[in-house]
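What follows is a set of notes on a single structure, which appears directly below.
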Amino acid sequence: ALQLVSLEVRRDAEIQSLSRGMRQRLCFARTLLHEPKVLLLDEPASGMDPAGRLEFRELIKQLRAMGRTILISSHILSEVERLADRVTIIRGGRAVESGTLAELRHLRRTKVVAEVAGPVPDLSVIAGVSDVRVDGQPVSCSVEPEAMTGVLGALSTAGVRSMTSAPPTLEE
């Protein structure tokens, strides 16, 4: 278990001498001793440095490959995005959204950034468009899935020079 969590070299160290991240990994090693089929982890990467987080992600992938089911409760949504197959968002003690990352992203707005040759159209009049920013070029906005066709049409009439879109992150 110590080898799995990269603490084998600290085998004889006193617990008080370990950093917070190392203690976190030690607790995780203790959890793995009984080879549980299901792991419930609450903020498991808390206190870990960036290298520790990378090692932790690899460990989770190994455990998943070994057939373990892993439930993670975390406020670090960028970590959740890297680890999770499915996500449930809880607000006020109730599940408000649940699904794969792709399913959850589809429910959210896409950020569109474009440079146009002509006058910038008023995108704010299109239902499902928000956060329109027109401070010169480029123009940017957030677009609900059903409004994307309208935004693309409006931008094309202004002569699109370049355009990018990005799916929202889990935090967004």
- Message: With an 8 Å Cα cut-off and a minimum separation of 6 or more residues, compute the relative contact order for the chain in percent.
- Response: 18 percent
- Longest DSSP-loop-exposure-free segment, trypsin sites (Lys or Arg not before Pro), the chain, at most 11 other Cβ within 10 Å: 38-172
- Choice from 83, 54, 101 showing the highest fluctuation, given a GNM over the chain with Cα pairs closer than 10 Å: 54
- Message: Can you tell me the length gained on complete extension of the stretch residue 71 to residue 1, counting 0.36 nm per residue apart and subtracting the Cα distance?
- Response: 23.3 nm
- Query: Given 0.36 nm per residue, what is the gain on full extension from residue 101 to residue 43 after removing their alpha carbon distance, in nm?
  - Reply: 19.0 nm
- Would you work out if region 22-115 is rounded, prolate or oblate? Take a ≥ b ≥ c from the square roots of the eigenvalues of the alpha-carbon gyration tensor; rounded if a/c is under 1.5, else prolate when a/b is larger than b/c, oblate otherwise. prolate
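Would you mind classifying region 43-172 by shape? Square roots of the alpha carbon gyration tensor eigenvalues, ordered a ≥ b ≥ c; an a/c under 1.5 is rounded, otherwise it is prolate if a/b is larger than b/c and oblate if not. Write down the numbers at each step before the final one.
Details: a/c = 2.98, a/b = 2.29, b/c = 1.30.
Note, shape of region 43-172 comes out prolate.
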- Distance between modelled label sites at residue 15 and residue 157, nm, 7 Å Cα→Cβ extension: 6.8 nm
- Query: Based on the Cβ-Cβ distance of residue 117 and residue 78, what FRET efficiency does E = 1/(1 + (r/R0)^6) give at R0 = 41 Å, to the nearest 0.05?
  - Reply: 0.70
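Each value in this text was obtained by applying a stated rule to the coordinates, not by laboratory testing. Just so it is clear, the model here is predicted, and its values are computed rather than measured. Here the Cβ is made from the backbone with ideal geometry for all residues, glycine too, and neighbour counts use every protein chain on show.
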